[in-house]
Ligand code: HEC
Ligand code: HEC
Ligand code: HEC
Ligand code: HEC
């Protein structure tokens, strides 16, 4: 984790924040220049080490994607944190032999799949209830949020902002290069697997079907080029 944090800091300080952020950078080189021992990191691209980017929370996405946000709010995944609290979803908890009175919202074994980016840069951390700022930040990362599927947003939202302002066309690959994920079944199976007490081992995840039930409504993109 320490190395990862160092890489993020180096990547940020070497590229500068703002519109230049999206330019492809090789953080390993940045580290070498300082003479520090940085583990080899692949160039940003599809399927890369996402620890280069940090989680920003749903609210940031809402600003530009109100429709998707509104529709997402109605999905069960948006509410995935609430159900962990004591007393909620009694029947399901009994069915899965969970303790109805236990506060699973503080249990790391559960929140890793019921929050955004748990344990990763910018992601969910259980806040100290006295620390109001930490509580506010954590609230924005509760449930299965935008970045659980789309990937940590710190760098690609900067590019989207520039795309929005310049009104130019874009190719999605340029966003994939800075942390936006190309979504397929593997994104879902990271959580929808047998490690979850509610997943029945005999009932494999049906991506095509559940993609329709579970995500959010889709709206046409105007600036994207095929
Ligand atoms: C590996 C990821 C993962 C872990 C770990 C995990 N969950 Fe979940 N949980 C899920 C997924 C995915 C679903 C949705 C399953 C479905 O309906 O197919 C779910 C659903 C649930 C539900 C059912 C909600 C409903 O009303 O249908 C409850 C309750 C729940 N989880 C509680 C817990 C608790 C308590 C823990 C910790 C002991 C936990 N989960 C750990 C991924 C996880
Ligand atoms: C970060 C973990 C995580 C990821 C990634 C994730 N899910 Fe979920 N999903 C959950 C949890 C937790 C629930 C249970 C929410 C609840 O019941 O309140 C859930 C619930 C659902 C449900 C509603 C439950 C049902 O049986 O109808 C659907 C559908 C679903 N997910 C589809 C998907 C699809 C499709 C993907 C990938 C594109 C995906 N999920 C990715 C954690 C995740
Ligand atoms: C459970 C996974 C999941 C979650 C959570 C999720 N999305 Fe998506 N989103 C998808 C999938 C799948 C697509 C279809 C495009 C694709 O396959 O890459 C998509 C498409 C989009 C698109 C393209 C236009 C459209 O409407 O299809 C936008 C914009 C978007 N999502 C924004 C968001 C925002 C904002 C949030 C949070 C409020 C969010 N998404 C939450 C899975 C998810
Ligand atoms: C400053 C505004 C802005 C913010 C903030 C923003 N986006 Fe976008 N996003 C855009 C624009 C503009 C497009 C392209 C829309 C179009 O073509 O009509 C886009 C497109 C997308 C697409 C579709 C990509 C494709 O071509 O398949 C996804 C997915 C997406 N955004 C997810 C997110 C998520 C998740 C967040 C939060 C982490 C986010 N966006 C934050 C402006 C923004």
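Please treat every number below as a calculation from the coordinates, not as lab data. In this text the structure is predicted, and so the values were computed from the model without any measurement. Here the Cβ positions follow ideal geometry from the backbone for every residue, glycine too, while neighbour counts run over all protein chains shown.
Could you give the C-alpha radius of gyration of segment 56-219 expressed as a fraction of 2.2 N^0.38 Å, taking N as the number of residues it contains?
Working: Rg = 17.0 Å, N = 164, 2.2 N^0.38 = 15.3 Å.
This ratio for segment 56-219 stands at 1.11.
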Taking R0 as 35 Å, what FRET efficiency do you get between residue 165 and residue 226 from their Cβ-Cβ distance, rounded to the nearest 0.05? 0.95
Where a ≥ b ≥ c are root eigenvalues of the Cα gyration tensor, a/c under 1.5 meaning rounded, otherwise prolate if a/b exceeds b/c and oblate otherwise, segment 101-161 counts as oblate
